[in-house]
Amino acid sequence: MAAIASPVSAEPGPAKPGRPRDTTADDRILRAVVDELSDHGVAGFRINNVAARAKVAKRTLYSRWTERDELIIAGLNTLALDLVPPRTGSLVGDLNALYDDIADALDSPRWLIAARCSFELPDHPELYARFQRDCIDKPLAVVEDVLRDAQLRGELRAGIDRSVAAETFTGSIAGYSSHIARLRGVSAHGVRAQFLDMFLHGLRAHDPRE
């Protein structure tokens, strides 16, 4: 009678050489990018400084982001407005929710870093194009989406330009959140009710003949 073969051992093989990937490095690097932009802006941004701040080797940076511009955009993306359509079922509900989300984000000191960089970026056309796509166009698209839904529900007049309305909505909140507005004692949260009323109902007085 043939002997029964013993089962193959399931013991793991020898460990692969090299250090395991540092799972915390990405967060440290992106924080370092934001700190570097805060201190030196786009023009003075240095890869060496980021590596030192994040306490990583430069090869670690380049293994994740192969170009300087990619690293800057990745950092700026952490400052961008991360909006989602509220889907409350009404234009008033959606705009109230969006207003609070935008005002809260712009009230953060971190937004001042993005605002500062936005003044420099036109000198770097390729970088500016990516910044506009990721940090400006995407939030505006969410506001336009809300306005489109309202139009489909019949809450918005058919001829209104949703792009202009979205720019007006977000631009006004940004203006109320600016450093100059703060010096004047104005804040986005302080004018919330008045602005939303005016945005939703316009400036024209009601004509009793209509």
- prompt: When only residues in the stretch 75-93 that are in a loop (DSSP other than H, G, I, E, B) and not hydrophobic (A, V, I, L, M, F, W, C) count, which is nearest to residue 142 (Cα to Cα)?
  reply: 85
message: Just to check your reading of the model, which residue among 72, 102, 29, 113 is over 30 Å from residue 147 (Cα atoms), within 17 Å of the chain's Cα centre (by Cα) and part of a helix (DSSP H, G or I)?
response: 72
task: Among the residues of the stretch 162-183, count how many are modelled with pLDDT under 95 and surrounded by fewer than 15 Cβ atoms within 10 Å (Cβ to Cβ).
output: 6
Residues being more than 15 Å from residue 70 (Cβ to Cβ) and assigned to a helix (DSSP H, G or I) - total across the stretch 35-50: 6
field: Failed item in (1) more than 30 Å from residue 152 (Cβ to Cβ); (2) touching a Cys at 6+ places or on another chain (Cβ under 9 Å); (3) buried (at least 16 other Cβ atoms within 10 Å of the Cβ), with residue 80 passing the rest
entry: (1)
- prompt: Does the stretch 128-150 include one or more residues that are in a loop (DSSP other than H, G, I, E, B) and either over 30 Å from residue 74 (Cβ atoms) or under 23 Å from the mean Cα position of the chain (by Cα) (or both)?
  reply: no
message: If I go through the stretch 116-127 residue by residue, how many of them are touching a Gly at 6+ places or on another chain (Cβ under 7 Å) and either more than 18 Å from residue 70 (Cβ to Cβ) or not in a helix (DSSP H, G or I) (or both)?
response: 1
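The values are calculated or read from the model by the stated rules, or taken from the named source; none is laboratory data. All figures in this text were calculated on a predicted structure; none of them were measured in a lab. When we count neighbours, we look across all protein chains shown, and the Cβ atoms used for this are built from the backbone with ideal geometry, even at glycine.
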